[in-house]
């Protein structure tokens with residue numbers, strides 16, 4: 001953990017302006033002890049002596065200068081360390097050197113102390129904020145720090161940067177182009193930030209215009225929720241890239257820091273990336289180097305013969321044939337609002353392996369992963385896919401929910417919705433596919449788009465969805481041809497008309513919507529057709545025509561939908577078979593049906609899911625196993641994903657938990673045991 005430690009004694013009091021240290025507490029006889037008898041005769045001599053003494057005192061002030069602040073030390077090693085947090089002995093003095101990390105040996109002043117003493121800035125120029133501005137961009141333009149602009153403009157770290165606000169740009173020049181060259185030093189270090197009570201890493205990243213992943217990785221943080229008050233973070237400013245090697249303790253060439261060196265200069269001189277140099281030495285952009293410090297130049301380029309991980313080969317597409325899968329929840333937040341830790345992902349993948357399954361589905365909410373345009377959060381997905389790759393588990397990401405910046409003006413924020421510009425979604429999916437090419441096996445493009453609250457309470461339109469799919473599919477194919485594309489699964493539901501005055505139906509019958517998607521050419525842009533099958537209280541082997549009679553045997557005490565309003569939605573079998581028939585009718589029989597959610601809930605008295613109260617834990621287990629066997633025998637089903645693995649852990653007591661296969665403490669329910677013992 002990075003922390004500050006006070007060194008030496010307390011900081012001396014600030015002297016009075018114009019006098020050396022100690023002068024203010026001592027009375028001086030300015031005549032140097034002369035007895036001025038006959039004042040008129042000696043007055044000229046006294047004046048001469050006084051002038052001489054004052055001259056000497058002023059010379060002393062200039063020579064001595066202001067008192068030096070006590071040095072503080074930052075525990076930063078100068079040699080490589082491993083990713084388990086082991087650090088060699090040694091400390092490094094942390095001082096401010098004119099916004100530079102030059103190895104000139106000067107003591108300098110502590111950055112925080114200096115900033116705390118600055119109370120007045122010259123407002124060299126006023127700047128009016130326009131659409132798209134960030135404080136970081138403005139600071140770079142005028143060659144000042146973000147902190148300086150905040151202080152000069154009385155802008156706190158929580159104040160929004162509103163369009164039309166007038167900022168004060170500190171400095172001497174009225175315009176960046178008019179500054180003398182010598183006064184414009186290049187930005188060569190990051191800036192330090194001390195964590196305060198109530199801070200979160202995501203908020204700090206947002207306020208400083210840095211992606212969350214970059215801030216976490218560049219400060220060697222493994223748990224983004226563990227952020228002690230007083231911890232010092234380095235806000236990277238020089239341009240951060242992914243390190244060439246995952247292990248920070250890279251082999252490389254030793255290098256002794258020379259007079260005038262800087263970290264950026266060393267990286268440029270030796271043709272290595274700054275990020276690799278920092279990672280190889282467990283440093284940050286805020287670290288100070290001094291002549292004689294020993295660094296390691298990472299083994300990249302032609303420096304040594306040590307090989308680094310080779311670029312991923314062109315990945316081969318995973319066949320979309322039947323396989324056992326399950327949806328887990330390992331990204332984002334749990335029911336308590338806290339971000340899920342890395343250990344949840346490891347546990348989810350361990351359960352997948354324990355069941356003998358080979359696929360994991362994870363929902364990715366675009367609104368969480370790119371809350372502001374271009375600020376994409378990759379860290380959680382990096383970890384999950386790296387672990388899945390290690391354990392040999394295939395992964396499907398279901399990507400939904402456009403961020404507010406990408407939606408229409410006046411969008412209903414209470415529900416998820418599509419982007420107003422399909423290209424924005426395509427850009428994100430292209431970046432996702434490119435980054436994880438070879439690790440990510442499939443992407444489901446949206447989810448339940450025939451339901452009003454998954455489509456932003458906008459008019460439900462299969463044609464609009466296919467237009468979204470077309471641009472998304474092209475971006476994914478270009479970025480990584482091996483990633484399989486699944487159409488957004490529809491929810492089986494009876495047509496429900498919205499109250500008068502609403503813009504559209506609350507839901508469109510999935511058979512109708514599926515036919516409309518196929519007519520619009522959906523099959524040309526996907527590798528598989530998504531399906532959702534909530535099961536209700538009807539065993540899997542019965543058609544919708546048989547469902548009423550079936551539930552009178554299995555149980556319909558709480559829910560009698562199959563008898564009151566006969567419809568295919570109640571039947572797992574009828575829904576799957578009709579999707580297959582529709583695909584064949586529109587020339588898409590080569591596209592497997594991919595159940596991205598199916599399963600049966602076992603109730604806990606939830607009044608909104610009464611059908612779950614008719615299903616026992618044993619029926620849940622038996623019907624789930626039977627459904628897997630049916631899909632395997634059909635021969636036209638792709639990977640089948642049971643809903644769900646661990647909502648009983650991350651959101652106990654919720655409706656989603658009723659479909660889970662483990663309890664709140666990860667204890668297996670009967671369905672877990674049945675799936676593990678099921679022949680595969």
> If the chain between residue 270 and residue 225 were fully stretched, how many nm would it gain, using 0.36 nm times the residue separation less the Cα-Cα distance?
Replying inline: 12.6 nm
>> Can you compute the radius of gyration and Dmax for segment 395-478, using only the Cα atoms, both in Å?
In response: 12.7, 39
>> Distances longer than 14 Å among the Cα atoms of segment 192-235: what percent of all pairs is that?
In response: 37
> Just how many % of Cα pairs in segment 604-680 lie over 16 Å apart, if you round to the nearest whole percent?
Replying inline: 54
> How much length is gained on full extension from residue 478 to residue 126, taking 0.36 nm per residue of separation minus their Cα-Cα distance?
Replying inline: 122.2 nm
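No lab work stands behind these numbers, since they all come straight from the coordinates. Because the structure is a prediction, the values reported are computed rather than measured.
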